[in-house]
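The values are calculated or read from the model by the stated rules, or taken from the named source; none is laboratory data. Small disclaimer: the values here were computed from a predicted structure and weren't measured. Here Cβ is always computed from backbone atoms with ideal geometry, including for glycine, and neighbour counts include all displayed protein chains.
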Amino acid sequence: MPVQRLNHAVLYVRDVDRSLAFYRDVLGFRVKVEIPGRAVFLQAEGSTNDHDLGLFAIGSGAGPSSAGRGAVGLYHLAWEVDTLAELSRVRDALLAAAALVGESDHATTKALYAQDPDGLEFEVSWLLPADLITDDVRAQGATTRPLDLAREIERYGATTPGGIGVSVRV
């Protein structure tokens with residue numbers, strides 16, 4: 001079964017309207033189908049999928065996820081952006097929403113980590129194009145460093161398309 005890509009993810013949330021506002025206003029998802037107060041299906045800005053994210057309300061009495069802290073479960077979802085300029089724009093939106101919880105340089109991946117209103121973690125990242133992955137970059141791959149986004153923009157350019165030959169076919 002050669003998987004091509006993730007088509008969509010579904011999350012259980014306490015308040016679907018609150019979560020909808022976050023994913024729409026902070027990350028730019030648009031509503032495709034809404035069942036008021038119960039569920040919403042969202043599409044990412046650059047996507048042609050029917051939907052990329054489903055949110056299902058389970059109510060305010062739901063406890064926090066204990067995944068990774070005493071229970072198995074999903075750690076996070078990762079969404080890829082096309083350019084470092086877009087990663088910078090998302091960083092600003094996450095900061096404004098007080099949702100940014102981390103920034104990491106994984107050598108071939110420049111990543112932001114954030115939490116939605118229910119504390120569910122996700123990643124937004126830019127992937128180095130295959131032709132820029134040198135032996136020096138590969139050697140750094142085992143270490144994670146703090147992300148210096150301004151330095152990475154200076155190094156690779158704000159509008160260099162990411163993931164070419166890695167996650168985007170040539």
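Being small (G, A, S), under 17 Å from A150 (Cβ atoms) and surrounded by 12 or more Cβ atoms within 10 Å (Cβ to Cβ) is a description that does not apply to S65.
Residues of the range 51-62 that are surrounded by 15 or more Cβ atoms within 10 Å (Cβ to Cβ) and in a loop (DSSP other than H, G, I, E, B): H51, D52. Apart from one condition, S47 fits all of (1) at pLDDT 95 or above; (2) surrounded by 15 or more Cβ atoms within 10 Å (Cβ to Cβ); (3) under 30 Å from R169 (Cα atoms); the exception is (1).
Here's the yes/no breakdown for (1) in contact (Cβ under 8 Å) with a residue 24 or more places away in the chain; (2) charged (D, E, K, R); (3) over 24 Å from S19 (Cβ atoms); (4) touching a His at 6+ places or on another chain (Cβ under 8 Å):
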| site | (1), (2), (3), (4) |
| --- | --- |
| A99 | yes, no, no, no |
| D105 | yes, yes, yes, no |
| V124 | yes, no, no, no |
| D135 | no, yes, yes, no |
| R145 | yes, yes, yes, no |
| T159 | yes, no, yes, no |
| R169 | no, yes, yes, no |
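Per-residue answers, yes or no, for (1) among the hydrophobic types (A, V, I, L, M, F, W, C); (2) in contact with a strand residue (DSSP E or B) (Cβ under 8 Å, 6 or more places away or on another chain); (3) outside the structural domain of A85 (by TED's automatic domain parsing); (4) surrounded by fewer than 19 Cβ atoms within 10 Å (Cβ to Cβ):
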{"position": "W126", "(1), (2), (3), (4)": "yes, yes, no, no"}
{"position": "A142", "(1), (2), (3), (4)": "yes, no, no, yes"}
{"position": "L147", "(1), (2), (3), (4)": "yes, yes, no, no"}
{"position": "R151", "(1), (2), (3), (4)": "no, no, no, yes"}
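The single residue among V16, V26, V40 that is modelled with pLDDT of 95 or more, among the aliphatic types (A, V, I, L, M), farther than 26 Å from R169 by Cα and within 13 Å of the chain's Cα centre (by Cα) turns out to be V26. Taking (1) under 24 Å from Y12 (Cα atoms); (2) surrounded by 18 or more Cβ atoms within 10 Å (Cβ to Cβ); (3) modelled with pLDDT of 95 or more in turn, L87 satisfies each apart from (1).
Of the candidates D105, D82, the single residue that is of a type in the set (D, E, K, R), assigned by TED's automatic domain parsing to the domain that holds G165, under 30 Å from T134 (Cβ atoms) and touching a Gly at 6+ places or on another chain (Cβ under 8 Å) is D82. Residue count for the range 78-110 satisfying the condition of being within 19 Å of P146 (Cβ to Cβ) and of a type in the set (K, R): 2.
Residues checked against (1) more than 23 Å from R155 (Cβ to Cβ); (2) polar (S, T, N, Q):
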| residue | (1), (2) |
| --- | --- |
| P36 | yes, no |
| H51 | yes, no |
| S66 | yes, yes |
| L77 | yes, no |
| V90 | no, no |
| S125 | no, yes |
